[in-house]
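Student: Okay, here's the structure, questions in a sec.
The values are calculated or read from the model by the stated rules, or taken from the named source; none is laboratory data. Note that the structure is predicted; figures quoted are calculated from it, not measured. Ideal geometry is used to build each Cβ from the backbone, glycine not excepted, and the neighbour counts take in all protein chains shown.
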Amino acid sequence: MSNSILVPQYGMGITQREMGLRRKWIDEPHHLDRYRLVMPVVPVFTRHFLNMIEAYNGNFELRPSDNFENSKLYGKRVRNLYDYFVIGNNGGSDTFLDAYFEPNEDGFMGLQVKSEHRFECGTVVAKNVELLEECLDQICFADLDSLNEQGFPTKMSEVQKYERGKNIYFVPPESGKVVRFRSYPVNVLNCRSIGPDDKPTNMDYRLGVLGCSEIPGFAQRWANSRSRKVYK
């Protein structure tokens, strides 16, 4: 996938900017399927978000997904990603993520999470359904180091004010809602801002979706890259 960034922890590539602006969430899988892409699930996106912060701080190497064995992002390209997703320059990122909440009394907060939505035979189908794991259940600034396996924070930030790159404003899940990330004016992971069939309002003119795809043969290519010490 050209012009996308590798998320090595998941063997996925993710686009640098949103596509399909101002569509309903439920329409995004069909739109992305035309390009052989899918919506990013929450843990893939949040890991990518942390990778960008670590790269900006000099602790991680961002690489293009189509040539990660031989190339990496330097200086201005890393800064541009950080500016867009973390600082929120020029309006920043406003993207849907692939998670929809439904009632299930066995899950945390009485919820389950549907994800990995695909467009098949004219309809959108969730390929993964799991109980919501324990996460924060109140609106607050959350510690970015406390994300669970589903990508949701589990601990409040000690400082309840925005600290860029250290915490995120978190709005907990609600039945019938989907997940959305916005980078401006502060980084927000909102699990109740909009329903899957709701049409974005005029205030949501930047809302779109990033595209993801699996990297062919990633595991072996990754192993070969590491053996050549391409990565740290």
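Student: Filter region 14-55 for residues that are out of contact with any Cys (no Cβ under 7 Å at 6 or more places or on another chain) and farther than 28 Å from residue 202 by Cβ and give the result.
Tutor: 36, 41, 43, 46, 47, 48, 50, 51, 52, 53, 54, 55
Student: Then there's this: Just give me the residues in region 152-172 being more than 17 Å from residue 184 (Cα to Cα) and either in contact with a strand residue (DSSP E or B) (Cβ under 8 Å, 6 or more places away or on another chain) or without any contact (Cβ under 8 Å) to a residue 24 or more places away in the chain (or both), in sequence order.
Tutor: 152, 153, 154, 155, 156, 157, 158, 159, 160
Student: Taking only region 27-44 into account, find how many residues are more than 10 Å from residue 118 (Cα to Cα) and over 14 Å from the mean Cα position of the chain (by Cα).
Tutor: Residues in region 27-44 being more than 10 Å from residue 118 (Cα to Cα) and over 14 Å from the mean Cα position of the chain (by Cα): 5 in total.
Student: Considering only residues that are under 17 Å from residue 34 (Cβ atoms) and surrounded by fewer than 20 Cβ atoms within 10 Å (Cβ to Cβ), look in region 1-16 and name the one that is nearest to the chain's Cα centre (by Cα).
Tutor: Restricting to residues being under 17 Å from residue 34 (Cβ atoms) and surrounded by fewer than 20 Cβ atoms within 10 Å (Cβ to Cβ), the top hit is 3.
Student: Condition test on residue 130, is it in contact (Cβ under 8 Å) with a residue 40 or more places away in the chain, within 19 Å of the chain's Cα centre (by Cα) and exposed (fewer than 15 other Cβ atoms within 10 Å of the Cβ)? Write out each step before concluding.
Tutor: Values: in contact (Cβ under 8 Å) with a residue 40 or more places away in the chain: no; within 19 Å of the chain's Cα centre (by Cα): yes; exposed (fewer than 15 other Cβ atoms within 10 Å of the Cβ): yes.
Judged against the criteria, residue 130 is not a match.
Student: Could you pull out the residue among 32, 81 that is more than 18 Å from residue 182 (Cβ to Cβ) and crowded, with 17+ Cβ neighbours inside 10 Å?
Tutor: Matching residue, one of 32, 81: 32.
Student: Pick from 119, 101: which is modelled with pLDDT of 95 or more, of a type in the set (Phe, Trp, Tyr), surrounded by 15 or more Cβ atoms within 10 Å (Cβ to Cβ) and farther than 25 Å from residue 218 by Cβ? Step through it out loud before you land on a result.
Tutor: Numbers: 119 fails: farther than 25 Å from residue 218 by Cβ.
Sole residue among the options that is modelled with pLDDT of 95 or more, of a type in the set (Phe, Trp, Tyr), surrounded by 15 or more Cβ atoms within 10 Å (Cβ to Cβ) and farther than 25 Å from residue 218 by Cβ: 101.
Student: What residue, of 195, 176, is touching a Lys or Arg at 6+ places or on another chain (Cβ under 7 Å), in contact (Cβ under 8 Å) with a residue 12 or more places away in the chain and more than 21 Å from residue 88 (Cβ to Cβ)?
Tutor: From the options 195, 176, the qualifying one is 195.
Student: Return the total of residues in region 27-58 being in contact with a strand residue (DSSP E or B) (Cβ under 8 Å, 6 or more places away or on another chain) and assigned to a loop (DSSP other than H, G, I, E, B).
Tutor: 6
Student: For residues that are aliphatic (A, V, I, L, M) and either surrounded by fewer than 17 Cβ atoms within 10 Å (Cβ to Cβ) or farther than 20 Å from residue 47 by Cβ (or both), tally how many sit in region 154-169.
Tutor: Of the residues in that region, 2 qualify.
Student: Could you list, in sequence order, all residues of region 51-74 that are modelled with pLDDT of 95 or more, surrounded by fewer than 16 Cβ atoms within 10 Å (Cβ to Cβ) and not charged (D, E, K, R)?
Tutor: Selection gives 57, 58, 59.
Student: Here's something else I'd like to know. Yes or no: residue 67 closer than 25 Å to residue 154 by Cβ, more than 15 Å from the chain's Cα centre (by Cα) and either assigned to a helix (DSSP H, G or I) or not β-branched (Val, Ile, Thr) (or both)?
Tutor: The answer is no for residue 67.
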